[in-house]
1. Considering only residues that are surrounded by fewer than 21 Cβ atoms within 10 Å (Cβ to Cβ) and either of a type in the set (Gly, Ala, Ser) or in contact with a strand residue (DSSP E or B) (Cβ under 8 Å, 6 or more places away or on another chain) (or both), which ones fall in the stretch 66-83?
2. Out of curiosity, is Gly386 at pLDDT 95 or above and buried (at least 19 other Cβ atoms within 10 Å of the Cβ)?
3. Quick one: in the stretch 247-289, of everything that is among the hydroxyl-bearing types (Ser, Thr, Tyr) and more than 18 Å from Gly20 (Cβ to Cβ), which residue is surrounded by the fewest Cβ atoms within 10 Å (Cβ to Cβ)?
4. For the stretch 217-232, how many residues are over 15 Å from Met173 (Cβ atoms) and assigned to a loop (DSSP other than H, G, I, E, B)?
5. Residues Arg114, Arg156, Arg127, Arg102: which one is under 18 Å from Ser220 (Cα atoms), outside any strand (DSSP E or B) and of a type in the set (Lys, Arg)?
6. Within the set of pairs 6+ apart or on separate chains, which have a first residue in the stretch 134-163 that is farther than 14 Å from Val183 by Cα, a second that is open to solvent by 80 Å² or more (accessible area, probe 1.4 Å), and C-beta atoms under 6 Å apart?
7. Please give the number of the condition Thr209 fails out of (1) surrounded by fewer than 20 Cβ atoms within 10 Å (Cβ to Cβ); (2) outside any strand (DSSP E or B); (3) in contact with a Leu (Cβ under 9 Å, 6 or more places away or on another chain).
8. Which numbered condition in (1) under 18 Å from the mean Cα position of the chain (by Cα); (2) assigned to a loop (DSSP other than H, G, I, E, B) is the only one that Ile175 fails?
Amino acid sequence: MAASTPRPGGPDPLDLLAVGELLTDEERLVRDTVRRFADDRIRPHIADWFERGVFPARELAPELGRLGLLGMHLEGYGCAGAGAVAYGAACLELEAADSGLRSFVSVQGSLAMRAIHAFGAEEQKQRWLPELAAGRAIGCFGLTEPDFGSDPAGMRTTARRKGADWVLSGSKMWITNGSVADVAVVWAQTEEGVRGFVVPTDSRGFTATDVPGKLSLRASVTSGLSFDEVLLPGDAVLPGVSGLRGPLSCLNEARFGILWGTVGAARDCYQAALDYAKSRVQFGRPIAAFQLTQEKLVEMALELEKAYLVAWRIGRLKEEGRAKAAQVSFGKLNNVRTALGIARSARTILGANGITTDYPVLRHANNLESVLTYEGTSEIHTLVLGEAITGESAYR
């Protein structure tokens, strides 16, 4: 998509406050590299992938690995060790292409890899992290179940001891990368509380079935997982954590990628609407010359820049080791809501053209409906912030 041309000497219409200038040279290099990759490798195909409901994960994973994007914010084991804002800038550009692309990178790096990196034994790290970082292997993260999403403490998947081994039974649902994964990090109830397990997907009794009929995140692999008495060795368990602290800390990492990524989806919708408004002629002049269209564009630009600033601030807090879970919830709640509003407003500027895959707007809007509810619904993040403000928990 061609960039909108600013007036000579005026601000960039896609970044009115020049928030991009707050990035370091290295962060801008990451941003620009990922943007070129998305422009060259993803944008020419994404409408077709979305329409057909496919995502070429096996083909793209090694390319993403060569760019250093898989687990890029982790240290060692072939990971890039990038800062939080650099990772966020990458997520922004990935989701500007499509939420499914950013979801793949988030699940691989912030969920599957991060769980092994933070809580795994050294042998588990050596076995899986270099392969996942390079994109030679694909990972998924099994927490959500058909009947338990926002309340993972109620999960029914169990792992029981059988001599020195474990036997895993149950099911998971809405698992990104599930049917293409080589390894799954699966959380289950045990006599010791909730534990995580590193499960090769070729294990006997492990099956993955893609979710049919999706109207959102169509260019993404979404699966249900089933564990029929899957026998695992004793060292399959993640030794570094027990309880929900483990999976919830991983989800917080994924939410950080989301609060950046949705800024990219919002920018792409705004840019599509701005370019269209300047070229679409009605009543003898471009619709960009009409007051009501300008009002919509201005509102989009205002909200886009505020969301960008929220993401940047939380990224800097994260780099300083000061970001709280409630602040990540703030960003996820605000920025997904903002992106959805921009997508819907942009669609009205495009009129009937906005419902086709010739333009990215309704594809982004459909995707964002999933982003709104995964990694914590807007209701859950509202209650997280409510507790942070009042000191009172209102979950039950």
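1. Selection gives Gly68, Gly76, Gly78, Ala80, Gly81, Gly83.
2. No: the conditions fail for Gly386.
3. Checking each candidate, the answer is Ser279.
4. Total satisfying the criteria: 2.
5. Arg102
6. Cβ pairs passing all conditions: Thr144/Trp174.
7. The failed condition is (2).
8. That leaves (2) as the condition not met.
The values are calculated or read from the model by the stated rules, or taken from the named source; none is laboratory data. Since the model is a prediction, treat every value here as computed from it, not as a measurement. Virtual Cβ from ideal backbone geometry, glycine too; neighbours counted across all protein chains shown. Quick note on the areas: whole protein, heavy atoms, side chains included, nothing else; ligands and nucleic acids left out. Shrake-Rupley method; radii C 1.70, N 1.55, O 1.52, S 1.80 Å.
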